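These notes are about the structure you will find just below.
Computed from the coordinates by the stated procedures, all read-outs in this text should not be read as laboratory data. Keep in mind it's a predicted model, so treat the numbers as computed, not measured. Ideal geometry is used to build each Cβ from the backbone, glycine not excepted, and the neighbour counts take in all protein chains shown.
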Amino acid sequence: MSRDTVVVIKSINYSEADRIVTVFGRELGKFTLFARGIRKINSKNRGNIQTLYTSKISFYEGKGMPLLTESESVASLDIDNLDMNNAKRILFLLNKFLQEYDPYPNLFDALQRALALNLDSRSMNKLRIKFLKEMGFLNDFSSCIHCGSKKDIQYIDSKNFALVCKNCYSNSNSKPLGKDPYGSSVLTETIDNYIKRIVEEI
Ligand SMILES: [Zn+2]
């Protein structure tokens, strides 16, 4: 029997009572499980194995797809206060970019922290930047692209997806990030576009 702590990132109904579930495991990375009987009302796993829920699971690895056996909820998700649009943004990244059985424990932990904050824009954007860095799509995202300063970073160059400081601000591609840079809709939109561009290129 194998074990991991996982977040459900995708789930597809299969036949009457089963489901094929894609999870992001802390130790194993992304993988797919067969959850037999999970849609039955008396299934013990039914409540735990839901999109963006975190649980400790046991599974059997035989021939074919691993088979979910047990699950135990780890962190409760405040589903009523979860930002659904941001949840979609994070799920898209996880499903699209993670490779099977390629673990990223740091990203897993960062995801847990963002989920605890209900994926508000600030935590969601921080997570996406960390994710893009870990995946090799972003070298640095803490200093000004022109002078290298880490001070007074107040603008974003949306064309080059880079930060710009107060002193270097001049070019027309730069947009102000405002008082709450990570929480700003300008940053959200710029990252959305950057990810769209990466997806088109890969
Ligand atoms: Zn600068």
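Once R0 is set to 41 Å, what does the formula 1/(1 + (r/R0)^6) return for the Cβ-Cβ distance between Gln99 and Lys179, expressed as a FRET efficiency to the nearest 0.05?
0.60
What distance in nm lies between label points placed 7 Å from Cα along the C-beta direction at Glu134 and Cys147?
That separation, rounded to one decimal, is 3.4 nm.
State the answer as a single residue: which of Met65, Leu33, Ile12 lies farthest towards the positive end of the charge dipole of segment 2-75, with beta carbon charges of +1 for Lys and Arg and -1 for Asp and Glu, about the Cα centre.
Going by the charge dipole, the pick is Ile12.
How many nm separate the modelled label positions at Arg46 and Lys159, each set 7 Å beyond the Cα in the direction of the Cβ?
5.6
Given R₀ = 30 Å, FRET efficiency for Arg39-Arg113 by Cβ-Cβ distance, to 0.05?
The value I calculate is 0.45.
Using only Cα atoms, locate the centre of segment 38-74 and the centre of segment 102-136, then give the distance between them in Å, rounded to an integer.
Centre-to-centre distance over Cα atoms comes out at 23 Å.
Quote to one decimal, in nm, the extra length available between Lys63 and Lys10 on full extension: 0.36 nm per residue of separation minus the C-alpha distance between them. Walk me through the numbers before you get to the answer.
Values: separation 53, 0.36 × 53 = 19.08 nm, distance 2.19 nm.
Roughly 16.9 nm would be gained on extension.
Check Tyr104: other-chain or 5+ apart residues with amide H under 5 Å from its amide H, H built from backbone geometry?
Close amide H contacts, sequence-distant or interchain: Gly29.
Can you flag which of Lys133/Lys179; Lys88/Lys196; Lys56/Lys133; Lys126/Lys175 are past 22 Å Cα-Cα?
Correct reply: Lys133/Lys179; Lys56/Lys133.
Can you tell me the order of 136-143, 21-28, 117-124 when each peptide is scored by its average per-residue count of other Cβ atoms within 10 angstrom, highest first?
21-28, 117-124, 136-143
Which cross-chain or sequence-distant (5 or more) residues have an amide H under 5 Å from the amide H of Cys168, H modelled 1.01 Å from N in plane?
Those lying under 5 Å, H to H, from Cys168: there are none.
What number comes out for the charge environment of Ile191, summing +1 per Lys or Arg and -1 per Asp or Glu over other residues with Cβ under 9 Å away?
Combined, the nearby Lys, Arg, Asp and Glu give 0.
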